[in-house]
Amino acid sequence: MADKTLRLPENAPGRFYVDDTCTPCHTCMDVAGPDTSTPLLRYRDDESKVYFARQPVTSVEAAAAEEALDICPTQAIGNDGDD
Ligand code: SF4
């Protein structure tokens, strides 16, 4: 389970976030990265971590964010951040 005390500072304000345990393995980028129809996630410039560049707005985007959370092998994605 992601830990919001370890939330990366780059995350857009809101409920979804990536924490410091991101490896990064790229898995989540296949469902919510910049090359998908739901571009929510982005790499840091040094590609050391992934973060939510923006929060989901539509139900489709929210589903993509949840899917990213479900498939993250290190459970680095949380859905209990501050709104
Ligand atoms: S799936 Fe998890 S560990 Fe992999 S890049 Fe995404 S947030 Fe990081």
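Structure values in brief
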item	result
Unmet requirement for ILE71, which otherwise passes all of (1) near the ligand (Cβ under 10 Å from one of its atoms); (2) touching a Phe, Trp or Tyr at 6+ places or on another chain (Cβ under 8 Å)	(2)
Hits in segment 22-61 - residues which are hydrophobic (A, V, I, L, M, F, W, C) and within 19 Å of ARG7 (Cα to Cα)	CYS22, CYS25, CYS28, MET29, ALA32, LEU40, LEU41, VAL50, PHE52, ALA53
Qualifying residue in segment 53-67 (condition: in contact (Cβ under 8 Å) with a residue 12 or more places away in the chain and within 10 Å of the ligand (Cβ to nearest atom))	no
Total residues in segment 65-83, condition part of a loop (DSSP other than H, G, I, E, B) and surrounded by fewer than 18 Cβ atoms within 10 Å (Cβ to Cβ)	6
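Only the coordinates and a few stated rules stand behind these numbers; no lab work does. Given the structure is predicted, the values throughout are model-derived calculations rather than measurements. Note: ideal-geometry Cβ built from the backbone for every residue, glycine included; neighbour counts use all protein chains shown.
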